[in-house]
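First comes the structure, then the notes that go with it.
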Amino acid sequence: MAEKKYALDFDFGEWEKYITESLGEPKFRAGQICGWLWQKRVRDPVEMTNLSKELRAELAEKLDFACPALAREQCSRDGTKKFLWRLRDGETVESVLIKEGDRLTLCVSTQVGCPLQCSFCATGLSGFARNLSAGEIAGQLLAAEKQIGREINNVVYMGMGEPLLNVDSVLKSVRMLNDPKMRNLGRRHITISTSGVIPGIEELAASGLGVRLAVSLHAADDELRSLLMPVNQTYPASELRDAMQKYQAATGDRITIEYALFGGVNDGVERARELVRYLKGIHVFVNLIPANDVAGRCEKPKAEDVLRFRSVLESAGFECEIRSERGADIDAACGQLRRKVHGGEAAPEGGARTLAKAAVPPRVDKSDEWKEKSAARVKGAKKDFPALRANGKKKAFSPSGGFVAYPGKRVRAQRQAGEKSYGAPNFGEKRGGRGNARDFETPLGARSRDEHAELRRGGKTDEARQDHRTRREEENHFERGVAAKHGYAEARAEKFDAHRPRKSGSCAPEKDSSCQRPRGKAKNGAGRGAANADSAFWKFYLRPKKSARGKKP
């Protein structure tokens, strides 16, 4: 008997092809099946009641609809939950569910184990087994939603494994989750975290998916980062910085920097200043993560050191936040639950570092398989990132760290009158040549002054204003016509004439009954119903007009 195909691995296009070519059914059946599978979370074809019995039986015979099965669950005092999923071949991966108010975020895994062997991570202690398929990645979300009985509104690719070493399956799973006919999860609710695999960052930019990017940095110095993260030996921090600038020039998106703080290692003030210099000119949000102790390999930083580190970043003009510790009582860091269930299994023979080198070959080898595969995937895509940004619809980004060039001076910087600022209209002449400090941080691919002027002259702003004027004129014409038809304009004029202030010594005239709201039988003889039907119109035209600030004139 032939092995069943895994239904969760099909994207919508593949479903349509399979339904029409293999099953001989019309295309609309693909939408029905995806609705049951991804939105109603039904795993048994027998329950798909809008399909024929013959089709349901054929689907059950030829396809495997199973989600990752729950092997173990842990719940923290703060509401964090950790799931260990068992896959179809018996391998296990972890997911972590974090609750903050009404916001639910699920961290999903992309590999069984991890080949990168970061010194502070528990996942790599058990070595690397294999990549996950797109259905196994996205299926973690469906399994978690079925387990808790409600929808999860945010997904982060930050579990076990390096997502951009499994880039094909990761990007396919993102499309499946984002597809309106499948899971319909907003692309801005999806974040992909990477340790700095540059070819994967380039492919993500060229894909046009528009999801968020997070980069695990942990150190701005190459020597220290190589000790913490061996991937830095292949993709150094300096080249990673260039890749982030190109990614941002292509997409216009802000990048999240994940910075784990280890006591006595990378939590000092000097390390914070290194990070400021490294991130200067890139629009980023820095997420500071006080590290959890993993098998005695690192120490938690002191609270005062964390606060000093944040103070240095904020003084330099960066947006920064200290991530609150979640799930410490259940060892929420990825890899720990899996090691407990499997009895603390060690890495395969040869050491995890050998696996890391196999997954990320030395850069001096220009003909290695990884680079050839990466080049084939981006073949035909636009690699000129500034050109991509110029042709895109997104606005230019604003670089962070606006006060980096002027340490210790949180004041508005001066510029010459008429000098063009980046990412904002030119207010130099109106404001006496004053601007903010970000005007001096011009990122890669910024448009020239003439290009900005041309965009303002031929952009959509003038069209929108013209549409607004036309619409307003039509509304005024309609209102004048209705008022003339019912005599409301004369009544309104008489009302305000009656209440207009008189000179001292004069007597106020009597109110004319014609300015009163009609009651009973209407003027046109339609009866009380016609008067009531026009009540909203009277409320609008017979009340005093308000000024732009909401105050009566």
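For residue 59, indicate whether it is in a loop (DSSP other than H, G, I, E, B), free of Cβ contacts under 8 Å to residues at least 60 places away in the same chain and open to solvent by less than 30 Å² (accessible area, probe 1.4 Å). So residue 59 fails the test.
If residue 90 satisfies all but one of (1) crowded, with 17+ Cβ neighbours inside 10 Å; (2) at positive phi, what's the number of the condition it fails? Unmet condition: (1). Of the set (1) assigned to a helix (DSSP H, G or I); (2) closer than 19 Å to residue 216 by Cα; (3) at pLDDT below 80, all apply to residue 309 but (3).
Of these, 126, 109, which one is within 10 Å of residue 159 (Cα to Cα) and either touching a helix residue (DSSP H, G or I) at 6+ places or on another chain (Cβ under 9 Å) or surrounded by fewer than 23 Cβ atoms within 10 Å (Cβ to Cβ) (or both)?
Values: 126 fails: within 10 Å of residue 159 (Cα to Cα).
Result: 109 is the single residue among 126, 109 that is within 10 Å of residue 159 (Cα to Cα) and either touching a helix residue (DSSP H, G or I) at 6+ places or on another chain (Cβ under 9 Å) or surrounded by fewer than 23 Cβ atoms within 10 Å (Cβ to Cβ) (or both).
Scan the range 62-106 for residues that are within 22 Å of residue 154 (Cβ to Cβ) and either without any contact (Cβ under 8 Å) to a residue 60 or more places away in the chain or in contact with a strand residue (DSSP E or B) (Cβ under 9 Å, 6 or more places away or on another chain) (or both) and report the count. If you could, list the steps in order and put the result at the bottom.
First, pick out the residues of the range 62-106 that are within 22 Å of residue 154 (Cβ to Cβ): 67-68, 70, 73-85, 93-106.
So of that shortlist, the ones also either without any contact (Cβ under 8 Å) to a residue 60 or more places away in the chain or in contact with a strand residue (DSSP E or B) (Cβ under 9 Å, 6 or more places away or on another chain) (or both) come out as 67-68, 70, 73-76, 78-85, 93-106.
Qualifying residue count for the region: 29.
All of 10, 28 fail the test of being of a type in the set (Phe, Trp, Tyr), in contact (Cβ under 8 Å) with a residue 24 or more places away in the chain, farther than 15 Å from residue 141 by Cα and out of contact with any helix residue (DSSP H, G or I) (no Cβ under 6 Å at 6 or more places or on another chain), apart from 10. In the range 130-183, the qualifying residues are those that are β-branched (Val, Ile, Thr) and not in a helix (DSSP H, G or I), and the one that is most open to solvent (accessible area, probe 1.4 Å) is 156. Scanning the range 184-218 for residues that are open to solvent by less than 40 Å² (accessible area, probe 1.4 Å) and more than 16 Å from the chain's Cα centre (by Cα) returns 195, 196, 197, 198, 199, 200, 203, 216, 217, 218.
Just to be sure before I move on: is residue 299 open to solvent by 40 Å² or more (accessible area, probe 1.4 Å), assigned to a strand (DSSP E or B) and modelled with pLDDT of 80 or more in the structure I sent?
Details: open to solvent by 40 Å² or more (accessible area, probe 1.4 Å): yes; assigned to a strand (DSSP E or B): no; modelled with pLDDT of 80 or more: yes.
Here the answer is no, as residue 299 does not meet what is asked.
Every residue in the range 227-256 that is in contact with a helix residue (DSSP H, G or I) (Cβ under 6 Å, 6 or more places away or on another chain), open to solvent by less than 20 Å² (accessible area, probe 1.4 Å), touching a residue at least 40 places away in the same chain (Cβ under 8 Å) and more than 18 Å from residue 191 (Cα to Cα), please. Hits for the range 227-256 are 230, 235, 237, 249.
For residue 118, the conditions (1) open to solvent by 60 Å² or more (accessible area, probe 1.4 Å); (2) not in a strand (DSSP E or B) are fulfilled apart from (1).
The rows are residues; the columns are (1) within 30 Å of residue 234 (Cα to Cα); (2) of a type in the set (A, V, I, L, M, F, W, C); (3) open to solvent by 40 Å² or more (accessible area, probe 1.4 Å).
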position	(1), (2), (3)
46	no, yes, yes
55	no, yes, no
63	no, yes, no
70	no, yes, yes
77	no, no, yes
85	no, yes, no
103	no, no, yes
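Taken over the range 1-22, the residue count meeting the criterion of being assigned to a loop (DSSP other than H, G, I, E, B) and either open to solvent by 40 Å² or more (accessible area, probe 1.4 Å) or at pLDDT below 95 (or both) is 5.
The values are calculated or read from the model by the stated rules, or taken from the named source; none is laboratory data. Only a predicted model underlies this, so the values are computations on that prediction, with no experimental measurement involved. Note that each Cβ is placed from the backbone with ideal geometry, even for glycine, and that neighbours are counted across all protein chains shown. Remember, those area values only see protein heavy atoms, side chains included, never the ligands or the DNA or RNA. Shrake-Rupley method; radii C 1.70, N 1.55, O 1.52, S 1.80 Å.
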